[in-house]
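See below for the structure under consideration.
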Amino acid sequence: MTLDVAFLGYGFMGKAHANALARLPMFFPDAPEVNRSVLVGRTESAVRSAADRLGFDRVETDWADALDDVDVLYNLGPNSVHVDPTVRALENDVHVFCEKPLAPTLDGAREMAAAAESSDAIAGVAFNYRYLPAIQLAKRMLDAGEFGRIRRFHGQYLQGWQADPDDEWTWRNDEASAGSGAVGDVGAHTIDLARFLVGDLERVSGHLETFIDERPTGDGEREPVTTDDEYSALAAFENGAMGVFEGSRVATGRKGDNTVEVYGSKGGFKFSMERLNELEVTTETTDGIDRILVTEDDHPYMDAWWPTGHIIGWEHTFVHENFEFLSAIADGGRYEPSFDAGLAAQRVVDAIERSHSQETWVSLRRRE
C-alpha cells in the first residue's frame, strides 16, 4: 500500500512530521509506503520553497483543492484551521492526523469527533509524548500492576519562551486563533498523558493567569494578549487518584520542562523530557529510586534504533506515532489517541477554564 498524503502547514510541526515520514522506510520497513503528495499553505512562494525542502510533489494555497487527490490529510496548521478542513476530509473518508489540541473550542472538538464517528476513515490526534519509549515502558509497568493502586499524578510543562514582555506576539496569544493559551497548548499534552497513564478525570479546580497583557508585533505595534500565560489545576480521577497539573509559557529560564510523576501503593515513576531516555522508578523490589536507561532491545520501539546505550531524541516520537497511525490505516485497525481522546482532553481544558471563571470545582462526569 502506498498512501498519498497532504500536509496543511509546513512550519514547526510540518518539519517534524515530514522528517518522520522520511525516516520510516529506513527504521520501520513494515510501515506503509508514503508519497508526500501535496503541501498546503497560504502564500504560494513560501509554500513552494517549503515543498522543495520537505519533499512534496506539488503545492496548493487552498486546502479544499488538495482533498480529492490524497488518502490522508495531516492538519498541522494553527488551531483555528483544525475544524473545517478536518471535517471536510472525514466527510470524504480521507484519513486525518491532526495536531493538538483537537480544536480551539469544545464545540469545535465535538464537531470533529462527530465527523470521525460518521466516517469510514481513521482519525488520530498527534499527542506525540505517548510514544516516548520511557512513557510506553511506564505504561507497561502500570498495566502490569508494578506500582499498585495509583494514588497521585503530577504533571507539569514549563516553558519560558514568552517570559520577557518584549517577546513577540504570535497567534498563540490570540483567543480567536488559539482558543486557549498554556492550558490548551502544553496543558493538553499533560492532560492526555494523565488520561493515558492513570484514567479519566472526575472533577477539576483550575486557575489561569495572564501576566503580560500586550506584546509587540513585527511591525512595531503592540497587540493585546487574550490567552493565558500560565495555568494550574487540582484534579480528582475517577479511580480515586488525585492530580496536580501545571503549565507555563513564562517560566523564566525553562525551555521544555515536561515532567510526569505517578505514585501508587507499591511504587511509582518520574519522567522528564529533559532526560527523555531515562525513567526513575521505585517498586517493591527496589531500595529507593532506580534510574532506567530506556535503550534496551526489549524496551518499546528501541529495537528499531541503535545498540543498547545509544539514546534517541524528541523527533523520534513523531516517527513512532506516524508508524502506528499509518499502520492502522493499512491494517484497518484503530489508532490511539483517537478523536475521542482529543475530545476528552478538550473537555478537561474547558472544565479548567470554567472552573477558573466560576471559582469552583467543575465535574467531568456528565458526558455531552
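The values are calculated or read from the model by the stated rules, or taken from the named source; none is laboratory data. This is a predicted model, so every value here is computed, not measured. In this analysis, Cβ positions are derived from the backbone assuming ideal geometry, glycine residues included, and neighbour counts consider all displayed protein chains. When the accessible area is computed, the model is the full protein with side chains, heavy atoms only, and any ligands, DNA or RNA have been set aside. Shrake-Rupley method; radii C 1.70, N 1.55, O 1.52, S 1.80 Å.
Placing a label point 7 Å from the Cα of Asp4 along the Cα-to-Cβ direction, the residues of the stretch 69-101 whose backbone N falls under 18 Å from that point are 69-75, 89-97. Considering all different alpha carbon pairs of the stretch 318-368, the Kirkwood hydrodynamic radius works out to 13.1 Å. Using the Stokes-Einstein relation with a Kirkwood hydrodynamic radius computed over Cα pairs, the translational diffusion coefficient of the stretch 154-272 at 10 °C and a viscosity of 1.306 mPa s comes to 105 µm²/s.
On the basis of the beta-carbon distance and an R0 of 51 Å, Asp57 and Arg354 show a calculated FRET efficiency of 0.65. For the stretch 26-45, list residues with backbone N below 14 Å from a point placed 7 Å from the Cα of Asp303 toward its Cβ? Residues 28-30 fall inside that zone. Each of Leu279, Leu90, Ser363 was placed along the dipole of the chain (beta-carbon charges, centred on the mean Cα), and the one lying farthest toward the positive end is Leu279.
Please give me, ordered by residue number, the trypsin sites (Lys or Arg not before Pro) of the stretch 304-368 that lie in loop per DSSP and have at most 12 other Cβ atoms within 10 Å. Passing both the DSSP loop test and the Cβ count: Arg334, Arg365, Arg366, Arg367.
Checking every one of the trypsin sites (Lys or Arg not before Pro) in the stretch 250-296 against DSSP loop status and a limit of 13 other Cβ atoms within 10 Å picks out Lys255. Beta bridges per DSSP, both residues in the chain: antiparallel share near 60 percent.
Screening the chain for DSSP H helices whose Cα atoms reach 20 Å or more along their own axis and whose mean Kyte hydropathy is at least 0.0 gives 12-27, 316-331. Evaluated at q = 0.13, 0.17, 0.21 Å⁻¹, the base-10 log of the normalised Debye intensity for the stretch 101-202, with identical point scatterers placed on the Cα atoms, takes the values -0.66, -0.99, -1.20. With protein chains left intact and a 1.4 Å probe, residues in the chain average 43 Å² of accessible area per residue.
Helix-only arithmetic for the chain: the sum of -39500 (n - 2.57) across DSSP H runs with n ≥ 4, divided by the residue total, places the mean residue ellipticity at 222 nm at -9500 deg cm²/dmol. If the chain linking Ser327 and Asp200 were pulled fully straight, counting 0.36 nm for each residue of separation and taking away their Cα-Cα distance, it would gain 43.0 nm. Note on the stretch 1-134: Rg/Rh from C-alpha atoms, Kirkwood Rh, equals 0.95. For the chain, a simple Cβ point-charge model (Lys and Arg +1, Asp and Glu -1, everything else neutral) yields a dipole of about 920 debye relative to the Cα centre.
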